[in-house]
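See structure below.
Each reported figure results from applying straightforward, stated rules to the coordinates on display, with no laboratory input. In this text the structure is predicted, and so the values were computed from the model without any measurement. All Cβ positions, glycine included, derive from the backbone under ideal geometry; neighbour counts span all protein chains shown.
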Amino acid sequence: MIRSTLLNLLAAGCLLMPLLSAADAETTQEGRVPLEELRLFVEVFEHIRKAYVEEIDDETMLKNAIVGLLEGLDPHSVYLDENSYSNLQESAKGSFGGLGLEVGMEDGYVKVISPIDDTPAQKAGIRSGDLIIKLDDQLVRGLTLQEAIQLMRGEAGTDIRLTILRDGVDKPFDVTITRGNIEVRSVRSRQLEPGFAYIRIAQFQEKTGAQFRSTVNRMLEKDRELRGIVLDLRNNPGGLLTASIDVTDSLLSGGLIVYTEGRLPGSNTRYTATEGDMLQGLPIVVLINSGSASAAEIVSGALQDHKRAIVIGTASFGKGSVQTVLPLGDDRAVKLTTARYFTPNGRSIQAEGITPDIIVSPAEINYLDQGNVIKEANLSGHLRNTNGNNQPSRQRDQISDNQLQEALNLLKGISILTKNTEKDSN
């Protein structure tokens, strides 16, 4: 039946073409069905039905054709069967079962965009940029992205062996990971030092905007002398566009956040911030790296263009496209790239990424042991300090993350300059 339908479509096209006038043919050139390619498709379809080593039903072949049609477009356009569609909805809500990886496809392999915080994948040492070439005994090459994701999902407590290719490592190596129930904490925070706070967004989900505003309000209440915030978007694979707009809106007082351009009328949209900056101009330093993608790039790009934050770290991933989930009925859908997005200054992030204002590559910090340093306070009979404070200053907790340390130092410098400026103006 499916074969006869295809042949009837081909025949109808062949009969219709001679009836078109030259003018009609010219005006419909762009929208007409390419009959030669359609004829070729039917011919290949028939060869597979008759000659392939194993019998395959027509429904499976047509499904494979749809999968191939989408995968030939770009790495992010995919067909979602019932399981894949359900997994996508679970991920957006922040709760799902598996390893905790944001992945894409590159050269037929699964490429890790970033591991999600506090998940089995991150704890096992999986890194951004890793290529997964085998899942247990199943080679990845030849699988679709959704098929590979489905293999990585599974019951909590079950193991899976990943074979990894990593830059700087001579040969592939295996990592065995125990699957877990992934409950992604989108926003977390802590105080770095009095006056300086740290907020990390691991992924942009449905409730990220509300969680971010709640976190900022708590910090403002806890530290009335707050002088700056480090916003950590490293290894943030992105997520929902609306969530990234919500977070950015909280930090801008008006102005364009992002705009999208596509072929559909609904794909050409401009998103603008409302009045009111939660931090009222307090300095912000944004941390990004090669694992910062999509929605994370929207936030960092908008804050950078508006000069609302200083962006430091390394260049971001460069995913500047918007995917729309188009339901197909009976719990299936197509995730289709429908637009590109641009920063307020008109920069396309696609395949370029966000370039930090200050490049800070990751490095190990080794604090030097100063030994038994003798200072004035150690000398017998030293004069007492007249400031009324004779207690030795407490050593701050040392930060082993060099990029975070640089961000904190930058905030301190801005704070000092701001105070001096305020004194001079008075």
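Apply the a/c threshold of 1.5 to the C-alpha gyration tensor of segment 38-120 and tell me whether it is rounded, prolate or oblate. Since a/c reaches 1.5 and a/b is larger than b/c, the shape of segment 38-120 is classed as prolate. Summing Lys and Arg as +1 and Asp and Glu as -1 over all other residues whose Cβ lies under 10 Å from the Cβ of residue 257 gives a net charge of -2.
The residue list 365, 300, 162 was ranked by how far each Cα lies along the charge dipole of the chain toward its positive end, using unit charges on Cβ atoms, and 365 comes out on top. Each part gets one Cα centre, and for segment 320-386 versus segment 207-265 those centres are 14 Å apart.
Rounded to the nearest 20, the size of the Cβ-charge dipole of segment 96-183 about its Cα centre is 120 debye, with Lys and Arg at +1 and Asp and Glu at -1. Each 10 Å bin from zero up to the one holding the largest Cα-Cα distance in the chain carries the following percent of pairs: 4, 17, 25, 21, 15, 9, 5, 2, 1, 1, 0, 0.
Between their Cα atoms, which of 111/134; 111/319; 375/412; 134/171; 307/412; 50/134 are more than 20 Å away from each other? Those over the limit are 375/412; 50/134. Which shape class applies to segment 40-87: rounded if a/c is under 1.5, otherwise prolate when a/b exceeds b/c and oblate if not, where a ≥ b ≥ c are the square roots of the Cα gyration tensor eigenvalues? Oblate. Measuring spread by the Cα atoms of segment 96-183 yields a radius of gyration and Dmax of 11.7, 34 Å.
Per residue, the chain reaches -10000 deg cm²/dmol at 222 nm when only DSSP H runs of four or more residues are counted, each adding -39500 (n - 2.57). Who wins for biggest fluctuation among 33, 216, 247 in a Gaussian network model of the chain, springs between alpha carbons below 10 Å? It is 33. Helix 208-222: angle to the longest alpha-carbon principal axis of the chain, degrees 0 to 90, nearest 10? Rounded to the nearest ten degrees, it is 0.
Each of the peptides 375-385, 59-69 was scored by the mean count of other Cβ atoms within 10 Å over its residues; in descending order, highest first, they stand as 59-69, 375-385. Here the dipole of the chain is about 1700 debye; that uses its Cα centre as origin and unit charges on the Cβ of Lys and Arg (positive) and Asp and Glu (negative).
Rounded, prolate or oblate for segment 230-348? Axes are the square roots of the Cα gyration tensor eigenvalues, ordered a ≥ b ≥ c, and the cut-off for rounded is a/c under 1.5. Prolate is the answer for segment 230-348, as a/c is 1.5 or above and a/b outweighs b/c.
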